[in-house]
1. Being among the polar types (S, T, N, Q) and not in a loop (DSSP other than H, G, I, E, B) is the filter; apply it to the stretch 73-98 and report the residue that is farthest from the chain's Cα centre (by Cα).
2. Could you look through the stretch 176-201, keep only residues that are closer than 30 Å to Arg55 by Cβ and part of a loop (DSSP other than H, G, I, E, B), and pick out the one that is farthest from the chain's Cα centre (by Cα)?
3. Can you say whether Lys159 is surrounded by 15 or more Cβ atoms within 10 Å (Cβ to Cβ), in contact (Cβ under 8 Å) with a residue 60 or more places away in the chain and either within 30 Å of Met1 (Cβ to Cβ) or in contact with a strand residue (DSSP E or B) (Cβ under 7 Å, 6 or more places away or on another chain) (or both), as far as the supplied structure shows?
4. Can you find a residue in the stretch 67-77 that is β-branched (Val, Ile, Thr), modelled with pLDDT of 95 or more and surrounded by fewer than 18 Cβ atoms within 10 Å (Cβ to Cβ)?
5. One residue is enough: does the stretch 196-215 have a residue meeting the conditions open to solvent by 50 Å² or more (accessible area, probe 1.4 Å) and among the polar types (S, T, N, Q)?
6. Is it the case that Gln51 is assigned to a helix (DSSP H, G or I), open to solvent by 30 Å² or more (accessible area, probe 1.4 Å) and at pLDDT below 95?
7. Does the stretch 165-219 hold any residues that are at positive phi and not polar (S, T, N, Q), and which are they?
8. Since Val69 meets every condition but one in (1) out of contact with any Gly (no Cβ under 7 Å at 6 or more places or on another chain); (2) free of Cβ contacts under 8 Å to residues at least 60 places away in the same chain; (3) within 22 Å of Glu13 (Cα to Cα); (4) among the β-branched types (Val, Ile, Thr), which condition does it not meet?
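The values are calculated or read from the model by the stated rules, or taken from the named source; none is laboratory data. This structure is a prediction, so every number in the text was calculated from the model and none was measured. A quick note on method: Cβ atoms are made from the backbone with ideal geometry, for glycine too, and the neighbour counts reach across all protein chains shown. The area values use the complete protein model at the heavy-atom level, side chains included, leaving out ligands, DNA and RNA. Shrake-Rupley method; radii C 1.70, N 1.55, O 1.52, S 1.80 Å.
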Amino acid sequence: MGAIELILIRHGESAGNVAATHAQRSGAEVIDVGLRDPDVPLSEAGVAQGQALRRWLTGLSESDRPDSVWCSPYLRARQTAELAGLQDPRVDERFRDRELGILDLLTSAGVEARFPEEARRRSWLGKFAYRPPGGESWADVALRLRSVLRDLDDEEDGKRVAVVCHDAVILLIRYVCEQLSETELLDIASSTSVRNASVTRLVRPAGKGRWDLESFNAVDHLSSGGAPVTEHAGDEDHVHPR
């Protein structure tokens with residue numbers, strides 16, 4: 001037996017999201033954020049989104065509220081959990097964002113200009129298999145998620161568990177839990193950006209076996225809670241291998 005529901009929450013908009021979107025749109029090569037990725041805080045909009053999450057969670061019936069909380073160690077995720085009133089989260093480094101190695105803080109234009117061989121290798125291998133030097137592929141992230149989900153099941157038997165994490169992590173949890181193929185995963189990723197402070201729910205009433213998708217990327221709680229809906233793709237080039 002194990003958990004019966006996963007409530008996957010992407011962190012609210014961060015200062016890094018804002019800087020990355022500005023850099024992509026302006027054609028800059030480098031994302032000017034001035035902080036390590038784990039230390040990037042929420043933006044003003046991200047704070048409002050966390051507060052809207054709290055209002056939504058407070059309004060849920062007792063049977064729909066999470067029984068426990070697991071969280072990425074990154075500041076933006078921990079701030080989101082705190083603002084949402086998700087108390088005593090278990091912080092686990094396996095829910096951290098994908099590590100980009102030498103490509104960290106570079107836009108697509110920056111990768112093409114500074115590491116053209118890596119750009120070609122990424123295009124050839126595809127998003128799932130490509131591992132930047134010093135970083136992780138999506139397959140690498142899936143491997144650590146299989147590990148933490150096993151531990152979560154062992155400790156959260158029969159419980160509804162909130163997980164506050166990152167966009168690529170949410171997509172890869174879906175990949176693992178729904179037993180998706182690489183093609184199915186990349187089709188979802190290329191057509192849908194996981195929005196800030198969105199909620200994705202996976203259910204498994206028996207506490208074992210394959211999970212079913214109850215809802216994906218929901219943000220109605222933001223609009224009704226007076227918070228902006230923001231969309232920043234944290235991990236852009238969702239390419240299939242050639």
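1. Looking at the filtered set, the residue picked out is Gln79.
2. Residues of the stretch 176-201 closer than 30 Å to Arg55 by Cβ: 177-178, 188-189, 191-201.
Going one step further and asking which of them are part of a loop (DSSP other than H, G, I, E, B), we end up with 178, 192-198.
Values: Glu178: 16, Thr192: 13, Ser193: 10, Val194: 7, Arg195: 9, Asn196: 9, Ala197: 10, Ser198: 10 Å.
Restricting to residues being closer than 30 Å to Arg55 by Cβ and part of a loop (DSSP other than H, G, I, E, B), the top hit is Glu178.
3. Details: surrounded by 15 or more Cβ atoms within 10 Å (Cβ to Cβ): yes; in contact (Cβ under 8 Å) with a residue 60 or more places away in the chain: yes; either within 30 Å of Met1 (Cβ to Cβ) or in contact with a strand residue (DSSP E or B) (Cβ under 7 Å, 6 or more places away or on another chain) (or both): yes.
Yes: the conditions hold for Lys159.
4. Of the residues in the stretch 67-77, the ones β-branched (Val, Ile, Thr) are 69.
Applying the additional criterion that residues be modelled with pLDDT of 95 or more yields 69.
Okay, now just the ones that are also surrounded by fewer than 18 Cβ atoms within 10 Å (Cβ to Cβ), so none.
Checked the stretch 67-77: no residue is β-branched (Val, Ile, Thr), modelled with pLDDT of 95 or more and surrounded by fewer than 18 Cβ atoms within 10 Å (Cβ to Cβ).
5. Scanning the stretch 196-215, I find no residue that is open to solvent by 50 Å² or more (accessible area, probe 1.4 Å) and among the polar types (S, T, N, Q), so the answer is no.
6. Details: assigned to a helix (DSSP H, G or I): yes; open to solvent by 30 Å² or more (accessible area, probe 1.4 Å): yes; at pLDDT below 95: no.
Spelling it out, it is not the case that Gln51 is assigned to a helix (DSSP H, G or I), open to solvent by 30 Å² or more (accessible area, probe 1.4 Å) and at pLDDT below 95.
7. Just the residues of the stretch 165-219 that are at positive phi, to begin with: 179, 197, 207, 209, 217.
Within the stretch 165-219, Ala197, Gly207, Gly209 meet the criteria.
8. Condition (2) is where Val69 drops out.
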